[in-house]
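Below is one structure, written out as structure tokens, with a few remarks after it.
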Amino acid sequence: MIKWIALLLIINISIFKSFSQVPTTDIYLLDMKAKHGKFIFSNPQKISDWKGYNNQPYFTPDKKSIYYVSYRNKQSDIYKYDIGSKATTQFTNTTEDEYSPKLTPDGKYISVVRVMKDSSQQLWEFPINGGIPKHLMKGHDSIGYYCWVKNEVLSANVPEPMKLELTDTIPGSHNVAVVKNVGRSLQVINNKLILFVQKPTSKKDSVSNISALYQGKTFKLVDCLPNCEDFAFGSKNTFFMGKNGKLYKYKLGKDKDWVEIADFSNTEYKNFYRIVFNKKGDKIALVSYQGKKP
């Protein structure tokens, strides 16, 4: 039986290599509560301790740590932030660049996208407690964003428009194209429902939408906010997106449109765009541009 190892989004290599064109970003951690239909955000903390590119935060399932990418001294590595002690430690320290940290399904490794010296983008796993990293899915060298689906991979390939593909981990296996013209945001619910951004597929369409892939079929859920493509799916069937310093939610089956739930426009993280929740849903990480949003 074929085992699909992860949900991957394959993107243009230049996105990871041209850091002279990438704005600097910081990561902020906030407490979050939902009470009587209202959302309360408190205790904001900047967890990135380096001025530059800090991005792609990932909460561990045990809610104790956040892994993220930091580009320092012309080198991109993975760092680990301990939520309890507020201490940051370097997790990878290689001559290559690493991105997109995530815990593997067996809980023993942190998987990353590794940009090699020949500019190929590969999926690797690093032992949590130290050790020799391992190259996964050999032969697939244009991997970008991804999500794990059970113990098995789903990807999107360049050239643009990107397309989402299912890929087996067995060497030499073929890809099965699933969806064309997708965005970078991916999320998997209960190892069954795959959420992604569908970009306009024709000149008649002007707005991207959040869609779902289930049992080989796709269906639209809601239009994205204009000119936005980063979303998070939280508890109680609710989507979240940010725009112009404000956080919006859309609850499936209830809301007719996006509803503003917080205004961060007067904070130092007013230029946030990427949103991540921990498993419990009581903490949120925001990635915000430093200075003006490009």
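Structural remarks
- Other-chain or far-sequence residues with amide H under 5 Å of K180's (modelled H): L164
- Accessible-area composition of the range 85-124, carbon plus sulfur, in percent [1.4 Å probe]: 45 percent
- The distance separating the Cα centre of the range 216-231 from that of the range 59-99 comes to 29 Å.
- Loop-located trypsin sites (Lys or Arg not before Pro) in the range 250-294 whose Cβ has at most 12 other Cβ within 10 Å (DSSP): K254, K256, K279, K280, K292
- Förster radius 30 Å - calculated FRET efficiency between S206 and S120 (Cβ-Cβ, nearest 0.05): 0.30
- Our note on the geometry: Cα centres of the range 273-291 and the range 233-248, 10 Å apart.
- Relative packing of peptides 186-196, 132-142 - highest average C-beta neighbours within 10 Å first: 186-196, 132-142
- Using a Förster distance of 25 Å, the FRET efficiency for D49-K74 (Cβ separation, nearest 0.05): 0.90
- Anchor K204: lysines whose Cα lies under 27 Å away (excluding residues fewer than 8 positions away in-chain): K163, K180, K217, K220, K243, K249, K251, K256
- Accessible surface for the range 212-268, divided over its residues, is 58 Å² per residue with a 1.4 Å probe.
- Prolate/oblate/rounded label for the range 198-284 (Cα gyration tensor, a/c 1.5): oblate
- Projecting the Cα atoms of F91, Y109, G130 onto the charge dipole of the range 45-133 (Cβ charges, centred on the Cα centre) puts F91 farthest toward the positive pole.
- Å² per residue, accessible surface of the range 27-82 at 1.4 Å: 50 Å²
- For K38, a cut-off of 15 angstrom between C-alpha atoms picks up these aspartates and glutamates, skipping any fewer than 8 places away in its own chain: D255, E260, D263, D282.
The values are calculated or read from the model by the stated rules, or taken from the named source; none is laboratory data. The structure presented is a predicted model; accordingly, all values stated were derived computationally and were not measured. Glycine also receives a Cβ, built like all others from the backbone with ideal geometry; neighbour counts cover every protein chain displayed. Surface areas here come from the heavy atoms of the whole protein model, side chains and all, with no ligands, DNA or RNA. Shrake-Rupley method; radii C 1.70, N 1.55, O 1.52, S 1.80 Å.
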